[in-house]
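K.L.:
This is the structure I want to talk about, given as structure tokens.
Please treat every number below as a calculation from the coordinates, not as lab data. Just so you know, these numbers come straight off a predicted model, no measurement behind them. No Cβ is skipped: glycine too gets one built from the backbone with ideal geometry, and neighbour counts run over all protein chains shown.
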Amino acid sequence: MPDIEAHITGTVWKIECQVGDQIAEGDTVAILESMKMEMPVEAEDAGTVREILCEEGQAVNEGDTLVVLD
């Protein structure tokens, strides 16, 4: 099962998906804010959102799993 991880350390600014959503490769699942810049987090694989492991406003580190796909 593919995990979508944070590629930078920052704050979850917005979550762009919900559990059960169909995600295609390249779809934005969340937006991280770091140093006043908004960086989209994109899916590297297609799948269905099984679990969202973050919430808006939460601080995350590079490599933290944000979304789990089936």
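K.L.:
How about region 40-70: which GluC sites (Glu not before Pro) there are in a DSSP loop, with at most 10 other Cβ atoms within 10 Å of their Cβ?
P.N.:
Details: sites: Glu42, Glu44, Glu51, Glu55, Glu56, Glu62; in loops: Glu44, Glu55, Glu56, Glu62.
Answer in residue order: Glu55.
K.L.:
Moving to a separate point now. What are the trypsin sites (Lys or Arg not before Pro) within the chain that DSSP puts in a loop, where the Cβ has at most 15 other Cβ atoms within 10 Å? Let's see the in-between values first.
P.N.:
On the way: sites: Lys14, Lys36, Arg50; in loops: Lys36.
Answer by residue number: Lys36.
K.L.:
Find how much the distance from Thr9 to Met37 grows on full extension, using 0.36 nm per residue of separation minus their present alpha carbon separation; answer in nm with one decimal.
P.N.:
Gain on extension, Thr9 to Met37, equals 8.9 nm.
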